[in-house]
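Below: one structure, written as structure tokens.
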Amino acid sequence: GEMQITYVAAWEKLFVNASGLKGKNVTVSVYDGRGSLKFEVISLKSNAGYFTLDVDCSGWSDGLYVVQLQTDKERLSKKFVKE
């Protein structure tokens, strides 16, 4: 599968989109630069291998974040910077 993430600073929102996922249940986790869990959604269903989610990042500190998307068959990771 593939995951694309887009952070829109003006809206303080992170958009997570994935396609070609192998697995039905999806867990999305976001960690800050120190490895602390900032956000998690567990066991959402992918729709024929597609998945989309938006995350409100208002109130989060500026810095580096890691987004992990995991299914029962794979794990995808991407980084973004909140400024």
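The values are calculated or read from the model by the stated rules, or taken from the named source; none is laboratory data. Remember, predicted model here, so these are calculated numbers, not experimental data. For neighbour counting, all protein chains shown are included, and Cβ atoms are generated from backbone atoms with ideal geometry for every residue, glycine included. When the accessible area is computed, the model is the full protein with side chains, heavy atoms only, and any ligands, DNA or RNA have been set aside. Shrake-Rupley method; radii C 1.70, N 1.55, O 1.52, S 1.80 Å.
Among Ser58, Ser46, Ser36, which is the only one that is under 14 Å from the mean Cα position of the chain (by Cα) and among the polar types (S, T, N, Q)?
On the way: Ser58 fails: under 14 Å from the mean Cα position of the chain (by Cα); Ser36 fails: under 14 Å from the mean Cα position of the chain (by Cα).
It is Ser46.
Within the range 1-19, how many residues turn out to be at pLDDT 95 or above and not in a strand (DSSP E or B)?
4
Within the set of pairs 6+ apart or on separate chains, which have a first residue in the range 23-35 that is under 15 Å from Asp54 (Cα atoms), a second that is part of a loop (DSSP other than H, G, I, E, B) and open to solvent by 20 Å² or more (accessible area, probe 1.4 Å), and C-beta atoms under 9 Å apart?
Listed pairs, sorted by first residue: Val26/Ser46; Val30/Trp60.
Could you please let me know if Leu44 is in a strand (DSSP E or B) and modelled with pLDDT of 95 or more? Quick ask: steps written out before the conclusion?
Values: in a strand (DSSP E or B): yes; modelled with pLDDT of 95 or more: no.
The answer is no for Leu44.
Which of the residues that make up the range 27-83 are of a type in the set (S, T, N, Q) and open to solvent by 30 Å² or more (accessible area, probe 1.4 Å)? Steps first, please.
Applying the first criterion (of a type in the set (S, T, N, Q)) to the range 27-83 yields 27, 29, 36, 43, 46-47, 52, 58, 61, 68, 70-71, 77.
Result: Thr27, Ser36, Ser43, Asn47, Thr52, Ser58, Ser61, Gln68, Gln70, Ser77.
Looking only at the range 1-26, filter to residues that are touching a Ser or Thr at 6+ places or on another chain (Cβ under 8 Å) and open to solvent by 40 Å² or more (accessible area, probe 1.4 Å); which one of those is farthest from Gln70 (Cα to Cα)?
Across the range 1-26, the extreme among qualifying residues is Glu12.
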